[in-house]
Structures are given as C-alpha cells and as structure tokens.
Amino acid sequence: MNTQPMIEALFARLDEWGVKYATELAAIRADLEEIRKDINGLHKGQEELRAGQQELRKLYEQLRSDLNTGMRRVERKIEILNDNLLTVKADIRDQEVRVEKLESERPR
C-alpha cells in the first residue's frame, strides 16, 4: 500500500485551506482597518463638534454680556427719562398752583 498519494492529497487540501484562510484573514484585516479609519473619522468629527460647541459658548457668553450691557444702558436712560418727566410734572404742578393763585386774586 502506497500512502504517498494520500499524504500529497492531504497536503494539497491543507494548502487549499491555508490559502482560503489567508484570503479570509486578509479580508478581515482590511475590514478592520476600514473600521479603524471610520472610528478615527468619528473621533475627528467629535473633536470638530466639541470645538464648534466651545466657539458657540464663547459667542453666547459675548452676546449675553453685550445684551446685559445694553440693557443696563437702556435702564439708565429710562431712569433719566423718568426723573426728567417727574421734574417736568412737578414744574407743571407748580405752575398750575401759581395760575390758580393768580386767578383767585384777580378781581371779578
């Protein structure tokens, strides 16, 4: 009995399996590399989003500060207008009292 052809057939079959597994392993490695690239792209995207968020926060704080400054300015102007209006009304009241006094002194 000659076992040589059987061993050669076994080695040929093992070679086929080796080639098949090497090909599948290369495909798996390529897929894994793609996944790594995608993950790195996601990390870069997250970093860009975080940077954008920081920029928006800075702009929001600047806007908030500007609005607060503007509101304080408007509040001061309203206070001044209110003071002026009260002064004018007080002056008008004084004038009305004087006119009434003059009218009451006037002979009829």
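The values are calculated or read from the model by the stated rules, or taken from the named source; none is laboratory data. What you see is a predicted model, and the numbers here were worked out from it, not measured in a lab. When we count neighbours, we look across all protein chains shown, and the Cβ atoms used for this are built from the backbone with ideal geometry, even at glycine.
Condition first: surrounded by 10 or more Cβ atoms within 10 Å (Cβ to Cβ) and either outside any helix (DSSP H, G or I) or among the aliphatic types (A, V, I, L, M) (or both). Now tell me which residues in the range 81-104 satisfy that. Once the filter is applied, which keeps residues that are surrounded by 10 or more Cβ atoms within 10 Å (Cβ to Cβ) and either outside any helix (DSSP H, G or I) or among the aliphatic types (A, V, I, L, M) (or both), the range 81-104 yields Leu81, Leu85, Leu86, Val88, Ala90, Ile92, Val97, Val99.
Please go through the range 5-59 and give me each residue that is among the polar types (S, T, N, Q) and modelled with pLDDT under 90, ordered by number.
Of the range 5-59, the ones among the polar types (S, T, N, Q) are 23, 40, 46, 53-54.
Answer for the range 5-59, where residues must be among the polar types (S, T, N, Q) and modelled with pLDDT under 90: Asn40, Gln46.
What do you reckon, is Gly70 modelled with pLDDT under 90 and in a helix (DSSP H, G or I)? In short, no.
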